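> Would you mind keeping the following structure in view while I ask a few things?
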(Lines give C-alpha, C1' and ligand atoms only; values in the text may rest on other atoms or scores of the structure.)
Protein backbone atom coordinates (compact mmCIF):
# COMPACT_ATOMS: atom_id res chain seq x y z
CA UNK A 1 0.00 0.00 0.00
CA UNK A 2 1.27 3.45 -0.89
CA UNK A 3 0.36 6.42 1.35
CA UNK A 4 1.19 10.08 0.75
CA UNK A 5 0.34 13.23 2.72
CA UNK A 6 -0.18 16.66 1.19
CA UNK A 7 -1.08 19.95 2.87
CA UNK A 8 -3.42 22.56 1.40
CA UNK A 9 -4.82 25.73 2.91
CA UNK A 10 -8.42 26.91 2.47
CA UNK A 11 -8.38 30.29 0.74
CA UNK A 12 -11.03 32.94 1.37
CA UNK A 13 -12.38 32.63 -2.18
CA UNK A 14 -13.02 28.92 -1.53
CA UNK A 15 -15.58 29.55 1.22
CA UNK A 16 -19.35 29.93 0.96
CA UNK A 17 -21.70 32.34 2.73
CA UNK A 18 -21.62 30.18 5.88
CA UNK A 19 -17.83 30.46 6.01
CA UNK A 20 -17.42 26.77 5.16
CA UNK A 21 -15.01 25.54 2.53
CA UNK A 22 -17.31 25.04 -0.47
CA UNK A 23 -17.81 21.31 -1.04
CA UNK A 24 -16.85 21.43 -4.72
CA UNK A 25 -13.29 22.52 -3.86
CA UNK A 26 -12.41 19.08 -2.58
CA UNK A 27 -12.17 17.67 -6.13
CA UNK A 28 -9.40 20.22 -6.77
CA UNK A 29 -7.72 19.47 -3.43
CA UNK A 30 -7.70 15.76 -4.28
CA UNK A 31 -6.20 16.49 -7.70
CA UNK A 32 -3.40 18.42 -5.97
CA UNK A 33 -2.93 15.49 -3.57
CA UNK A 34 -2.83 12.94 -6.45
CA UNK A 35 -0.22 14.90 -8.39
CA UNK A 36 1.88 15.36 -5.25
CA UNK A 37 1.53 11.65 -4.37
CA UNK A 38 2.90 10.78 -7.81
CA UNK A 39 5.68 13.36 -7.41
CA UNK A 40 6.59 11.91 -3.99
CA UNK A 41 7.12 8.58 -5.76
CA UNK A 42 9.83 10.31 -7.77
CA UNK A 43 7.60 10.23 -10.83
CA UNK A 44 6.13 13.11 -12.81
CA UNK A 45 2.52 13.25 -14.00
CA UNK A 46 3.70 15.79 -16.56
CA UNK A 47 6.29 13.31 -17.89
CA UNK A 48 3.57 10.68 -18.19
CA UNK A 49 1.48 13.08 -20.28
CA UNK A 50 4.52 14.13 -22.33
CA UNK A 51 5.09 10.42 -23.00
CA UNK A 52 1.53 10.10 -24.36
CA UNK A 53 -0.45 8.77 -21.38
CA UNK A 54 -3.25 10.69 -19.63
CA UNK A 55 -5.31 9.86 -16.54
CA UNK A 56 -8.90 11.11 -16.76
CA UNK A 57 -11.16 10.60 -13.75
CA UNK A 58 -13.65 7.78 -14.22
CA UNK A 59 -15.36 7.91 -10.82
CA UNK A 60 -15.43 10.27 -7.83
CA UNK A 61 -17.27 9.86 -4.54
CA UNK A 62 -17.04 11.67 -1.23
CA UNK A 63 -18.61 11.56 2.21
CA UNK A 64 -18.47 14.66 4.43
CA UNK A 65 -18.22 14.57 8.23
CA UNK A 66 -17.19 18.09 9.31
CA UNK A 67 -16.58 21.41 7.52
CA UNK A 68 -13.30 23.16 6.88
CA UNK A 69 -13.08 26.94 7.24
CA UNK A 70 -11.12 29.85 5.78
CA UNK A 71 -7.38 29.61 6.45
CA UNK A 72 -7.58 26.05 7.82
CA UNK A 73 -4.52 24.00 6.96
CA UNK A 74 -5.74 20.63 5.72
CA UNK A 75 -3.78 17.42 5.43
CA UNK A 76 -4.92 15.08 2.70
CA UNK A 77 -3.84 11.49 3.13
CA UNK A 78 -3.84 9.79 -0.27
CA UNK A 79 -3.69 6.01 -0.48
CA UNK A 80 -3.25 3.58 -3.35
CA UNK A 81 -4.17 0.09 -2.12
CA UNK A 82 -3.11 -2.00 -5.13
CA UNK A 83 -0.67 -1.81 -8.01
CA UNK A 84 -2.40 -0.13 -10.95
CA UNK A 85 -2.96 -1.77 -14.31
CA UNK A 86 -5.49 -0.13 -16.65
CA UNK A 87 -6.93 1.86 -13.75
CA UNK A 88 -5.64 3.39 -10.57
CA UNK A 89 -7.76 3.85 -7.47
CA UNK A 90 -7.04 6.56 -4.91
CA UNK A 91 -8.59 6.91 -1.46
CA UNK A 92 -8.42 10.18 0.44
CA UNK A 93 -8.93 11.28 4.02
CA UNK A 94 -8.89 14.98 4.84
CA UNK A 95 -7.89 16.17 8.33
CA UNK A 96 -7.80 19.63 9.87
CA UNK A 97 -4.85 20.89 11.95
CA UNK A 98 -6.38 19.36 15.09
CA UNK A 99 -6.38 15.93 13.45
CA UNK A 100 -10.16 15.77 13.02
CA UNK A 101 -11.20 13.85 9.92
CA UNK A 102 -13.39 16.06 7.72
CA UNK A 103 -14.22 13.68 4.89
CA UNK A 104 -13.25 10.57 2.98
CA UNK A 105 -13.30 10.12 -0.77
CA UNK A 106 -12.32 7.84 -3.63
CA UNK A 107 -11.40 8.40 -7.25
CA UNK A 108 -10.77 5.93 -10.03
CA UNK A 109 -8.75 7.06 -13.00
CA UNK A 110 -8.07 5.21 -16.24
CA UNK A 111 -4.78 5.25 -18.12
CA UNK A 112 -5.40 6.28 -21.74
CA UNK A 113 -3.20 6.61 -24.78
CA UNK A 114 -3.44 10.30 -25.74
CA UNK A 115 -3.25 9.53 -29.48
CA UNK A 116 -5.97 6.90 -29.62
CA UNK A 117 -7.91 8.03 -26.53
CA UNK A 118 -8.26 4.33 -25.66
CA UNK A 119 -7.40 2.66 -22.34
CA UNK A 120 -3.84 1.41 -21.99
CA UNK A 121 -1.70 -0.18 -19.32
CA UNK A 122 0.02 1.99 -16.74
CA UNK A 123 3.50 3.01 -17.91
CA UNK A 124 6.16 0.52 -16.87
CA UNK A 125 8.33 3.17 -15.21
CA UNK A 126 5.34 4.25 -13.10
CA UNK A 127 4.69 0.64 -12.07
CA UNK A 128 8.36 0.31 -11.08
CA UNK A 129 8.09 3.47 -8.96
CA UNK A 130 5.01 2.31 -7.03
CA UNK A 131 5.20 -1.49 -6.84
CA UNK A 132 7.93 -1.49 -4.18
CA UNK A 133 5.30 -0.25 -1.69
CA UNK A 134 3.28 -3.42 -2.22
CA UNK A 135 5.99 -6.01 -1.60
CA UNK A 136 5.77 -7.90 1.68
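The values are calculated or read from the model by the stated rules, or taken from the named source; none is laboratory data. Just so we're clear, the structure is a prediction, and the values are computed from it rather than from any experiment. Neighbour counts run over all protein chains shown; Cβ positions are idealised from the backbone, glycine included.
> Out of all the residues in segment 63-98, which are part of a loop (DSSP other than H, G, I, E, B), in contact with a helix residue (DSSP H, G or I) (Cβ under 6 Å, 6 or more places away or on another chain) and over 20 Å from residue 12 (Cα atoms)?
83 - this is the single residue of segment 63-98 that is part of a loop (DSSP other than H, G, I, E, B), in contact with a helix residue (DSSP H, G or I) (Cβ under 6 Å, 6 or more places away or on another chain) and over 20 Å from residue 12 (Cα atoms).
> Looking at (1) over 20 Å from residue 133 (Cα atoms); (2) surrounded by 17 or more Cβ atoms within 10 Å (Cβ to Cβ), which is the only condition residue 100 fails?
Only one criterion in (1) over 20 Å from residue 133 (Cα atoms); (2) surrounded by 17 or more Cβ atoms within 10 Å (Cβ to Cβ) is unmet by residue 100, namely (2).
> In this structure, does residue 15 turn out to be surrounded by 15 or more Cβ atoms within 10 Å (Cβ to Cβ), over 17 Å from the mean Cα position of the chain (by Cα) and touching a residue at least 12 places away in the same chain (Cβ under 8 Å)? Outline the logic, then answer.
On the way: surrounded by 15 or more Cβ atoms within 10 Å (Cβ to Cβ): yes; over 17 Å from the mean Cα position of the chain (by Cα): yes; touching a residue at least 12 places away in the same chain (Cβ under 8 Å): yes.
Spelling it out, residue 15 is indeed surrounded by 15 or more Cβ atoms within 10 Å (Cβ to Cβ), over 17 Å from the mean Cα position of the chain (by Cα) and touching a residue at least 12 places away in the same chain (Cβ under 8 Å).
> Given the conditions (1) within 17 Å of the chain's Cα centre (by Cα); (2) farther than 27 Å from residue 7 by Cβ; (3) in contact (Cβ under 8 Å) with a residue 60 or more places away in the chain, and given that residue 110 satisfies all but one, which numbered condition is not satisfied?
(3)
> Looking at residue 22, is it more than 10 Å from the chain's Cα centre (by Cα), within 30 Å of residue 126 (Cα to Cα) and surrounded by 13 or more Cβ atoms within 10 Å (Cβ to Cβ)?
No; evaluated as a whole, the condition is false for this residue.
> Checking residue 8 against (1) surrounded by 14 or more Cβ atoms within 10 Å (Cβ to Cβ); (2) at pLDDT 95 or above; (3) not in a strand (DSSP E or B): exactly one of these is not met. Which one?
It is condition (3) that residue 8 fails.
> Only one residue in 90, 69 is surrounded by fewer than 16 Cβ atoms within 10 Å (Cβ to Cβ) and either under 22 Å from residue 40 (Cα atoms) or modelled with pLDDT of 95 or more (or both). Which one? Talk me through it step by step, then tell me what you get.
Numbers: 90 fails: surrounded by fewer than 16 Cβ atoms within 10 Å (Cβ to Cβ).
One residue alone meets the criteria, 69.
> Condition first: out of contact with any strand residue (DSSP E or B) (no Cβ under 8 Å at 6 or more places or on another chain), on the phi < 0 side of the Ramachandran plot and surrounded by fewer than 13 Cβ atoms within 10 Å (Cβ to Cβ). Now tell me which residues in segment 103-124 satisfy that. If you could, list the steps in order and put the result at the bottom.
From segment 103-124, those out of contact with any strand residue (DSSP E or B) (no Cβ under 8 Å at 6 or more places or on another chain) are 115-117, 121, 124; that's our starting set.
Still in the running and on the phi < 0 side of the Ramachandran plot: 115-116, 121, 124.
The answer is 115, 116, 124.
> Same structure again: When the residues of segment 25-53 are narrowed to those that are touching a helix residue (DSSP H, G or I) at 6+ places or on another chain (Cβ under 9 Å) and not in a helix (DSSP H, G or I), which ends up nearest to residue 102 (Cα to Cα)?
That would be 41.
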